[in-house]
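Step one of this worksheet: look at the structure below.
None of the figures in this text is laboratory data; all of them are computed from the coordinates on show. Everything quoted here is computed from the prediction, not taken from an experiment. Reconstructed Cβ throughout: ideal geometry from the backbone, glycine too, with neighbour counts over all protein chains shown.
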Amino acid sequence: MPSSTPTSQATLTQDELKTRVGQAALQYVVPGELVGVGTGSTVNKFIDALASMKDQIKGAVSSSVASTERLLALGIPVLDANTVDRLSVYIDGADEIDGHGNMVKGGGAALTREKIVAALAAQFVCIADESKLVQTLGQFPLPVEVIPMATRRVMAQFAAKGGVARVRLKDGVPLVTDNGQHIVDVTGLHITDPLAFESEVSQWPGVVTVGVFAFQRANVCLLGTSAGVKTLTFI
Ligand code: 5RP
């Protein structure tokens, strides 16, 4: 289980909690280096805070078109992941995180690029409000990016595991990711062994990325709570 350190007291809205953890994440940004940047409403708070450090960093490696646009609008350079051997830190949100740093991600459809940038980083710092902390992954519908021609077969494979998979829609048609693929969201799962689950589903033909982050689990979680920002450190 993680060690836990409360750092401040306040009654805060969920938006304020996101702002607090976004600002708290600045302490993990290494001056003179690049920072890996995730995607989502919590990360948007981090990006906004990062603008105050933009003259101290080389820039960012981004996990989505949306984050890239936000970073560039604030004057933060964005580098291609292929120009980078290693990042000291990757900062991103999560849809669920358990007591070991395993996460479900992809609620913003950016899971594939998130996993790629996370894999470049020595440390994954998750920023989240306390609603994201769970005992066991699987309450949040699990996002899985799939090649469209494999959707039906992948959905059948999840049905065989007791899950119900639905194609994610946007404006009434299948959502298209930054990578030109589709997303299925799977309910009814109880993911007791995240490493084994990620390993298995990642091998199904047509699966681009499964939204379980166990191989790229968080090292640290900055958790926004009613008692302030708690730092959870995962062994
Ligand atoms: C995007 C993600 C996000 O990190 C996740 O959905 C959490 O987002 P938010 O900070 O908006 O709650 O995985 O693909």
*Arrange the peptides 29-35, 102-108, 213-219 so that the one whose residues have, on average, the most other Cβ atoms within 10 Å appears first.*
102-108, 213-219, 29-35
*At 222 nm, what helix-only mean residue ellipticity would the chain give, in deg cm²/dmol to the nearest 500, using -39500 (n - 2.57) for each DSSP H run of four or more?*
-7500 deg cm²/dmol
_Label zone at LEU169, where the point sits 7 Å out along the Cα-to-Cβ direction: region 181-213 residues whose backbone N lies under 17 Å_ = 182-187
*Any idea what the relative contact order of region 89-140 is, in percent, if you count C-alpha pairs under 8 Å spaced at least 6 apart?*
55 percent
_Which entries of LYS161/LYS230; LYS170/LYS230; LYS18/LYS58; LYS58/LYS170 have Cα-Cα distances beyond 31 Å here?_
LYS161/LYS230; LYS170/LYS230; LYS58/LYS170
*Say each of LEU72 and SER131 gets a label point 7 Å from the Cα, pointing the same way as Cα to Cβ; how far apart are those two points in nm?*
3.2 nm
*Express in nm, to one decimal, how much length is gained between ARG153 and THR233 on full extension, taking 0.36 nm for each residue of separation and deducting their alpha carbon distance.*
25.0 nm
*What FRET efficiency comes out for the pair THR13/ALA160, r = Cβ-Cβ distance, R0 = 41 Å, nearest 0.05?*
0.45
